[in-house]
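Here is the structure we will look at, set down as structure tokens.
The values are calculated or read from the model by the stated rules, or taken from the named source; none is laboratory data. Everything numeric in this text was worked out from a predicted model, so none of it was measured. Here the Cβ positions follow ideal geometry from the backbone for every residue, glycine too, while neighbour counts run over all protein chains shown. In case anyone asks, the SASA skips ligands and DNA or RNA and just uses the protein heavy atoms, side chains included. Shrake-Rupley method; radii C 1.70, N 1.55, O 1.52, S 1.80 Å.
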Amino acid sequence: MFTLLLFLLLPIHAGERTIPIDVFLMIDKSLSMAESDKYDSMDKWIQSQLIDQILIDGDWITIYQFYGKADHLLSLTVETASDRVKITDTIRRINPDGQYTDIGLALDTIKLALDKRGTNGRLKILLLLTDLQQEAPWTSRYAGSPESFDSPYLAEARVIQHDAWYEITLDMDIQDRVVKTSKELFSTIEKTQGTEKDLSTADDLTAAEPAGTNGTAGKTGSGTTAGVSGDSSDSNSAPRDGNSEATKNGSTLPLPVILVILFAIISACVTAVLVILNNRKKKKEQPEEDLAKLR
């Protein structure tokens, strides 16, 4: 799974990895990042961990900065030492002086960059480096300063705190996986219904065979169909049989399928609630940790 691979990959040093990857780096350059030496701490981490330890020759990296808007700064394939110098220089030219912090826009931008890169058989690492202080401008679709910024992309993110900023590994394919799972589920339902209809049709044909005469299934000796005969009792019973079959072949889903759907929905809701409660707990504990540091 995408997220699991990220967990296994990120701690690995460059000398131990041989398969190239794609790295999408989104850096917060808002004014709040200038407080408490957040940006200096982040810059050192990028140099010592990302550039010196994680990246290997053959990796492709694209770098963005964001505040009230998002700007593309650099995209290149790491092949020489000079390429690493370009990455370092690009990041060090970023000045944390941007007005506003639109994390929602940053996530939208990195998603578009991921879609533009396309599927090329490479593992994608998406890093958001920020202090998580959301303050989008009024022109943004994410306008306002909510106490907590909720996003499906952050719901399953891997978050590591460094001083007063966060290293967030995003799982941007969460929505695609939900859509794919839904399609597979309904495809299974359709196949199940189709199988039941085929079995029902086969039963109808089997039941019709005795009505024929002269060895011909489903027909009388005179060539008429089994549902039509000189016997009025057979004629009257045919509509009742048809209504019975219509009831069997109705649109009601099989009970096992309904139970699977209900279980999936309940599991998703429980997971979402647990994630939200966990995020709120972390945010409530954060001020206490900050106060403890100041003491």
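Taking 30 Å as R0, compute the FRET efficiency from the Cβ-Cβ separation of GLN53 and ASN120 and round it to 0.05. It would help to have the intermediate numbers written out before the result.
Numbers: r = 24 Å, r/R0 = 0.79.
For GLN53 and ASN120, the calculated efficiency is 0.80.
Please give me, ordered by residue number, the trypsin sites (Lys or Arg not before Pro) of region 89-157 that lie in loop per DSSP and have at most 12 other Cβ atoms within 10 Å.
Numbers: sites: ARG92, ARG93, LYS111, LYS116, ARG117, ARG122, LYS124, ARG141; in loops: ARG93, ARG122, ARG141.
Sites meeting the loop and neighbour criteria: ARG93, ARG141.
Around PHE66, what is the net charge, scoring Lys/Arg as +1 and Asp/Glu as -1 over all other residues with Cβ under 9 Å from its Cβ? Numbers along the way, then the final one.
Numbers: positive: LYS29, LYS69; negative: ASP28, ASP71, ASP102.
Net charge around PHE66: -1.
Tell me, what is the per residue accessible area of region 12-70 in Å², probe radius 1.4 Å?
With all protein chains present, region 12-70 gives 39 Å² per residue.
So what's the net charge close to PHE24: Lys and Arg +1, Asp and Glu -1, counting the other residues with Cβ under 10 Å from its Cβ?
Values: positive: LYS111, ARG117, LYS124; negative: ASP22.
Here the count lands on +2.
With a 1.4 Å probe and all protein chains in place, put HIS162, HIS72 in order of accessible area, largest first.
HIS72, HIS162
How much of TRP60 can a 1.4 Å solvent probe reach, expressed as accessible area in Å² and rounded to 10?
40 Å²
State log₁₀ I(q)/I(0) for region 28-108 at q = 0.24, 0.27 Å⁻¹ as given by the Debye formula over alpha-carbon point scatterers of equal weight, solvent excluded.
Per q value, in the given order, log10 I(q)/I(0) is -1.18, -1.30.
Starting from the 7 Å offset along Cα-to-Cβ, what nm value, one decimal, do you get for the label separation of LEU112 and GLN99?
Modelled inter-label distance: 2.1 nm.
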